[in-house]
Ligand code: ATP
């Protein structure tokens, strides 16, 4: 059986500046895979390549269909939700309005209302702030809202970029706890970019390590956690 998402020797450039030189990875249907790597290794760009936000070469397939050359809205329509680094919530809109923006491609109001309830169940902090502007939320709440907005599209694959960035450790653990619950309760597949490998490993079964735009190592998390170079570079031991 082929993977839900498959990247094979993917390259990507910003204008004339090439930043990915050969990224390969696969996410099985229902699986969760991490992307680890130092600052500037190309983790964010890999997610942007999948979402059609940067010029790419090589092969990117989702459910057997090539994504190369598609626009971000076309990729989203296929069932891929991208929760960007920096969250990207709309500060002047309320929490509820942000959630509804996530569902903009859907028509069934009853199902949308059901999914709003599900998001609020998953992230109870948001339920308390449902009519507040996104700008007034704490960093952790904004991150929860960004994830919840992604889920509102009812995606088959979630691309999650640095969900712990700028959060206190306990808040980051909270956010990852809720995402872990989402994963246990649904068959949502995930590709997770995270600097904090220990946190990523609470969610994913396997990971790929990027170095200067190339995949240099991948495998099941137990195997990676057993490697000295991974422990030193990403697990602080
Ligand atoms: P970080 O954790 O710092 O976000 P990253 O692994 O996600 O790192 P990317 O953000 O993908 O790395 O960046 C990869 C390279 O591409 C870096 O050298 C960065 O400077 C460069 N880069 C990123 N965005 C742009 C852009 N819009 N234009 C030109 N170069 C860019």
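Coordinate-derived values only; no laboratory data. Source: prediction; values computed, not measured. Cβ atoms come from the backbone with ideal geometry, glycine included; neighbour counts cover every protein chain shown.
Which value, in Å³ per residue, describes the convex hull spanned by the Cα atoms of the chain? Kindly include the intermediate steps, with their values, before the conclusion.
Values: hull volume 29.0 nm³, N = 237.
That works out to 123 Å³ per residue.
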At 7 Å along Cα-to-Cβ for each site, give me the label-to-label distance between residue 63 and residue 108 in nm. 1.5 nm
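Using Cα-Cα distances under 8 Å and only pairs 6 or more residues apart, what relative contact order does the chain have, in percent? Mind dumping the intermediate values first?
Numbers: 462 pairs, mean separation 63.4, N = 237.
Answer for the chain is 27 percent.
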Rounded to 0.05, the calculated FRET efficiency for the beta carbons of residue 17 and residue 195 at R₀ = 22 Å is 0.50
According to a simple spin-label model (label point 7 Å from Cα along Cα-to-Cβ), what is the distance in nm between residue 133 and residue 97? 0.9 nm
Say we join alpha carbon atoms closer than 10 Å with springs in a Gaussian network model of the chain; which of 58, 31, 226 then has the biggest fluctuation? 226
Kindly identify segment 118-179 as rounded, prolate or oblate by the Cα gyration tensor criterion: order the square roots of the eigenvalues as a ≥ b ≥ c, call it rounded if a/c is under 1.5, otherwise compare a/b with b/c, prolate if a/b is larger, else oblate. oblate
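What number, in percent, do you get for the relative contact order of segment 92-154 if the mean sequence gap of Cα pairs under 8 Å and at least 6 apart is divided by its residue count?
That works out to 55 percent.
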